[in-house]
Amino acid sequence: MCISGRLHRVYSIFFLPHREPRACIRFKCALTNTILDILRQRPGWVEVKEDGEWDFYWCDVSWLRENFDHTYMDEHVRISHFRNHYELTRKNYIVKNLKRFRKQIERELGKLEATKCDFFPKTFEMPSEYHLFVEEFRKNPGITWIMKPVARSQGKGIFLFRKLKDVIDWRKDGIRTDDQRDETQVENYVAQCYIENPYLIGGRKFDLRVYVLVMSYIPLKAWLYRDGFARFSNTRFTLSSIDDHYVHLTNVAVQKTAPDYDPEKGCKWTLQRFRQYLTAKHGAEGVEILFAEMDNIFIKSLQSVQKVIISDKHCFELYGYDILIDQDLKPWLLEVNASPSLTASSQEDYELKCRLLKDTLHIVDMEGRLTGKEKRVGGFDLMWNDGPVSRADGNVDTPVNGSFVANTHLGYNNDRKKQLKQLFKPLPTQQKV
C-alpha cells in the first residue's frame, strides 16, 4: 500500500465517525463533578467501570500513590498527575525547592537575577525549622504570621498569630510520646510571614486562582489559561481581628459558611473583570507589569522542580495557582494545588470549569488531532516550550522590534470557540450520558 493510502487508512480509523469502534477512547474518572460531565460528553469517549482497561484516567492522588509504580501503561495512555507532583504542591516541599533554585540562580547568574525568585513570603517548615523561625520571629516582633498544615486544603488547620506563645502551645500539642509516635506521625506545618498589606477591592481581601497545564517537565512545556477568578473574603479586611477566618481566608470552602454568604452572588470575579478594574484604576502599563510578574512566578516555580519531578510521558497535570497581590501591585505565590476544585460554586463557575476542562482535553489530545506546533488551543496559550514562547506569529521565539512579548493572555477575552473552529473540524455531536 502506498504512503498516501496508509495515511488515509490511519485517518479513517482514528477520525472518521463510521469507524467509531476503533476510534473509541476508554476513560476512568475518580471524581464526580464537572470533569465527569465533560468526559461523558466528549465524542468517541466511553466510560469504563472498576477494573476495565482504560486509555485515559482522571485519577486522584491517592490512586497515584498506591498504584502508579506497578501499573503498566501503553504508549498512548494518559493520567492526570505526575508521580511526585507534591514537590510543587506540598507547602513545605515547594519552599525547599524554591530556596534551592534561588541559590542556584544566584550562583550561576548573580544576585539581581535571583531576586526574580522573591515572590514567596518568608517561610519555615515546622517543627524541623522551629529554632530558625524563632530567630526570625525575634528580629521582627509584632508582625503577623500564618500557620498552614502542609498537606491539607480548603483552609483547614490554618491560624494567624503574633505571639510566640501561640506557636509554643502548638508545638507542645504536636509532641508525642514514643508510643504515640508509632501510631500517629506529627503533622508538619509551615510558618509563613503574613502579607499585612494586601490589595483591597471594596475593603475586602482576595486572591487569584490561575490555571497552568503542564504536559512535560523535561523538556518543560506549560500552558496558561486565559480564564480564572478572584476569590473575595466576605468581610472587610482588618488586622485587629486575626482570629476571624472570614476576614483573612478567601477559600470558598471557608467563605460559604459565613452567616451572610449569598450562594447566588458568591464571592468571585472573573479575571477579565479583575483586569479591567485594575486597568481603569492604575493604567494599562502598570497592569502589564503585574501580569508579567505573575508569568515569572509560574515559570520559576515550575523550573524549581523541573529536575526533581519524574517527567513520565504518560502524565500531565492541571495546577491551580493561588496568587495574592499587595498594595504595591506585587504578586505573591501562596500555594500551588495539584487537585484544584472542579466543583462549581455557581452557574458562571460551572461554565468556566467546563471551558477549562474541554480545552485541557484538547491539549492532551487523545484523538491525535494536533500537530504539536500550536501556540494556542482554545483558552490555553503556550507559555513555555523548552524556553519562552513569543506572542509573535510563527514559532521563532526571537524579540520583535527589539522587545520580547510573552505568549500569555491572562485575563484577556477568551474567544475560544472561534479559535477552536479554525483549529479543528467540528466534532460529531454526542448526547450527554
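The values are calculated or read from the model by the stated rules, or taken from the named source; none is laboratory data. Since the structure is predicted, the reported quantities are computational estimates derived from the model, not experimental observations. Note that each Cβ is placed from the backbone with ideal geometry, even for glycine, and that neighbours are counted across all protein chains shown. In case anyone asks, the SASA skips ligands and DNA or RNA and just uses the protein heavy atoms, side chains included. Shrake-Rupley method; radii C 1.70, N 1.55, O 1.52, S 1.80 Å.
Kindly establish whether Val287 is of a type outside the set (D, E, K, R), more than 18 Å from the chain's Cα centre (by Cα) and open to solvent by less than 10 Å² (accessible area, probe 1.4 Å).
On the way: of a type outside the set (D, E, K, R): yes; more than 18 Å from the chain's Cα centre (by Cα): yes; open to solvent by less than 10 Å² (accessible area, probe 1.4 Å): yes.
It is true that Val287 is of a type outside the set (D, E, K, R), more than 18 Å from the chain's Cα centre (by Cα) and open to solvent by less than 10 Å² (accessible area, probe 1.4 Å).
Here are some residues: Phe291, Phe229. Which one is modelled with pLDDT of 80 or more, more than 30 Å from Phe133 (Cα to Cα) and part of a strand (DSSP E or B)?
Working: Phe291 fails: part of a strand (DSSP E or B).
Exactly one of Phe291, Phe229 is modelled with pLDDT of 80 or more, more than 30 Å from Phe133 (Cα to Cα) and part of a strand (DSSP E or B), namely Phe229.
Kindly establish whether Ile289 is in contact with a strand residue (DSSP E or B) (Cβ under 7 Å, 6 or more places away or on another chain), β-branched (Val, Ile, Thr) and farther than 25 Å from Leu36 by Cα. So Ile289 fails the test. The set of residues in the range 99-155 that are hydrophobic (A, V, I, L, M, F, W, C) and closer than 25 Å to Ser241 by Cα comprises Phe120, Phe124, Met126, Phe133, Val134, Phe137, Ile143, Trp145, Ile146, Met147, Val150. Looking only at residues in the range 371-403 that are open to solvent by 40 Å² or more (accessible area, probe 1.4 Å) and hydrophobic (A, V, I, L, M, F, W, C), the one that is modelled with the highest pLDDT is Trp384. Among the residues of the range 154-167, at least one is open to solvent by 40 Å² or more (accessible area, probe 1.4 Å), over 22 Å from Glu87 (Cβ atoms), assigned to a helix (DSSP H, G or I) and modelled with pLDDT of 75 or more.
Checking each residue in the range 404-413 for being at pLDDT 90 or above and farther than 25 Å from Pro219 by Cα picks out Gly411, Tyr412.
Right, Ser301: assigned to a loop (DSSP other than H, G, I, E, B) and buried (at least 18 other Cβ atoms within 10 Å of the Cβ) or not? The answer is no for Ser301. Of all residues in the range 131-146, those that are farther than 9 Å from Ala191 by Cβ have Cβ atoms under 6 Å from Cβ atoms of residues that are open to solvent by 60 Å² or more (accessible area, probe 1.4 Å) and not basic (Lys, Arg), 6 or more apart or on another chain, in Thr144/Glu196.
Have a look at Thr123, Thr115 and point out the one that is of a type in the set (S, T, N, Q) and surrounded by 14 or more Cβ atoms within 10 Å (Cβ to Cβ). Residue meeting the stated conditions: Thr123. Just so you know, in the range 249-267 the residues that are touching a Phe, Trp or Tyr at 6+ places or on another chain (Cβ under 8 Å) and surrounded by 19 or more Cβ atoms within 10 Å (Cβ to Cβ) include one that is modelled with the lowest pLDDT, and it is Gln255. If the condition is being among the polar types (S, T, N, Q) and either open to solvent by less than 10 Å² (accessible area, probe 1.4 Å) or in a helix (DSSP H, G or I) (or both), then the range 340-370 contributes Gln347, Thr360.
Within the range 110-137, the set of residues being part of a helix (DSSP H, G or I) and polar (S, T, N, Q) comprises Thr115 only. Does the range 169-185 hold any residues that are modelled with pLDDT of 60 or more and open to solvent by less than 50 Å² (accessible area, probe 1.4 Å), and which are they? Selection gives Trp170 alone.
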